[in-house]
Amino acid sequence: MELTRRRLMLGAMGSAALLSLPVGARAQNAFSFITPFTFSLAFAPVLYADAAGYYSDEGLEMNLQAGKGAALAAQMTIAGQMDSGRTGGTNYIVSRVNNDAPLISIATIAQMSPFFVLSSTENPVNTIADLEGRTVGMATLGGSMEGTLDLMMTNAGASPEKVNKVKVADSAASFALIEAGRAGAFLGNTSSMVIASSARDDVAAMPIDDGMPGQVYVARPDQVAENPEKFVAFLRATHRAAKEIVGTKDLTPILTTIGGKHDVSGLKNMETAQKDLRANAENWASKGEENLLRNIPEMWDRAVELLAGAKLIDKTVPAAELYTNDLLDQALKA
């Protein structure tokens, strides 16, 4: 399963002639991608690239599916049922190192954690240690949210075992569990935070910055080596969409395009949807627009150090083995 830089670059160079052909001359390649949860604006780069026809422009016939957890998205990619999937950086690194998961990160979309701790202003969570003794809702157990929580609590000298973790939907509606006294906090993504905060004034939102690559696109190394041009095309179209979103002031046309093809939560209120998409885009470009979709080496080095220090990975490995930027570099050359 090992993907070496030499194999990848040879494959990419071998496909250069194909990629230089006019779009109409390219064969259609089927490409399947899975998001970790129900479609939301957090996943706008792939949703917009599909709805706007950018994948089609690259000769890709896209199949986008909504998953039921970051761990499942990774598992379906491992099983070959998906060409690529989105999962949490922490979750991916732990699985790769501890379980030898046959995956590699081909891009980082969320450069920082997209998660927030939502609580009531009457009993707010001000530090990660405040979660000890609380019931905390999260979309999946054993996935990227729980991994992020465990890492941050461990690094803060707090005990993840003292948190009662329960599974809830990753949506603003889950804040009602806090209001009803059934949960002391809720871990939600950027979209959930924006929607909940826009709908009510009693939401305390604490951003999570665990120093890890927030969300990554993973693929099987053997499938990448077998057909690198397909993954280059995927990243070129996705980067085109993400860059357009990041650089656009009025996001209404983009939101309308997405909603014209995909059933996406949070599109009913256009003002809130703009805030939602803008907040997500700020994360994608948080390390500079020049690093859009890039696996930043310094961040990955630090991630391995943090996970090893927290004893969440069994061994320290060279971070460069966990990702590749060769596909993105090739995509941005064209």
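What to note about this one:
- One residue alone among 327, 306 is closer than 30 Å to residue 99 by Cβ, under 18 Å from the mean Cα position of the chain (by Cα) and open to solvent by less than 30 Å² (accessible area, probe 1.4 Å), and that residue is 327.
- Of all the criteria given as (1) in a helix (DSSP H, G or I); (2) touching a residue at least 60 places away in the same chain (Cβ under 8 Å); (3) crowded, with 17+ Cβ neighbours inside 10 Å, the one not satisfied by residue 274 is (2).
- Breaking point among (1) under 30 Å from residue 221 (Cβ atoms); (2) charged (D, E, K, R); (3) assigned to a helix (DSSP H, G or I), for residue 282: (1)
- The residue of the range 95-119 that is surrounded by the most Cβ atoms within 10 Å (Cβ to Cβ), among those that are of a type in the set (S, T, N, Q) and farther than 17 Å from residue 214 by Cβ, is 119.
- Residue under evaluation residue 208, criteria (1) among the hydrophobic types (A, V, I, L, M, F, W, C); (2) surrounded by fewer than 24 Cβ atoms within 10 Å (Cβ to Cβ); (3) over 30 Å from residue 100 (Cβ atoms), criterion not met: (3)
- Answer residue from the range 211-255, given it is among the hydroxyl-bearing types (Ser, Thr, Tyr) and farther than 21 Å from residue 36 by Cβ and is surrounded by the fewest Cβ atoms within 10 Å (Cβ to Cβ) among those: 252
- Residue 193 assigned to a helix (DSSP H, G or I), buried (at least 24 other Cβ atoms within 10 Å of the Cβ) and not hydroxyl-bearing (Ser, Thr, Tyr): yes
- Taking every residue in the range 279-300 that is closer than 12 Å to residue 109 by Cβ and pairing it with any residue that is among the polar types (S, T, N, Q) and part of a helix (DSSP H, G or I), at least 6 positions away or on another chain, the pairs with Cβ-Cβ distances below 9 Å are 280/190; 280/191; 283/190; 285/291; 293/238.
- The range 139-161 residues that are part of a helix (DSSP H, G or I) and acidic (Asp, Glu), paired with ones that are modelled with pLDDT under 80 and open to solvent by 10 Å² or more (accessible area, probe 1.4 Å) (beta carbon under 8 Å, 6 or more apart): 146/140
- Boolean, residue 261 is open to solvent by 50 Å² or more (accessible area, probe 1.4 Å) and in contact with a Leu (Cβ under 7 Å, 6 or more places away or on another chain): no
- Scanning the range 50-79 for residues that are hydrophobic (A, V, I, L, M, F, W, C) and either over 24 Å from residue 95 (Cβ atoms) or open to solvent by 10 Å² or more (accessible area, probe 1.4 Å) (or both) returns 51, 52, 60, 62, 64, 66, 71, 72, 74, 76, 78, 79.
- Each residue in the range 45-59 was checked for being in a helix (DSSP H, G or I) and in contact (Cβ under 8 Å) with a residue 40 or more places away in the chain, and 10 pass.
- Given (1) modelled with pLDDT of 95 or more; (2) surrounded by fewer than 23 Cβ atoms within 10 Å (Cβ to Cβ); (3) more than 17 Å from residue 55 (Cα to Cα); (4) of a type in the set (Val, Ile, Thr), index of the condition residue 313 fails: (1)
- Annotation: of all residues in the range 106-127 being modelled with pLDDT under 90 and out of contact with any strand residue (DSSP E or B) (no Cβ under 7 Å at 6 or more places or on another chain), the one that is nearest to residue 309 (Cα to Cα) is 113.
This table checks each residue for (1) assigned to a strand (DSSP E or B); (2) over 26 Å from residue 321 (Cβ atoms).
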{"residue": "31", "(1), (2)": "yes, no"}
{"residue": "39", "(1), (2)": "no, yes"}
{"residue": "61", "(1), (2)": "yes, yes"}
{"residue": "71", "(1), (2)": "no, no"}
{"residue": "86", "(1), (2)": "yes, no"}
{"residue": "91", "(1), (2)": "no, no"}
{"residue": "108", "(1), (2)": "yes, no"}
{"residue": "116", "(1), (2)": "yes, yes"}
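The values are calculated or read from the model by the stated rules, or taken from the named source; none is laboratory data. Since the structure is predicted, the reported quantities are computational estimates derived from the model, not experimental observations. Because the Cβ atoms are built from the backbone with ideal geometry, glycine has one as well, and the counts that use them run over all protein chains shown. SASA here: full protein model, heavy atoms, side chains in, ligands and nucleic acids out. Shrake-Rupley method; radii C 1.70, N 1.55, O 1.52, S 1.80 Å.
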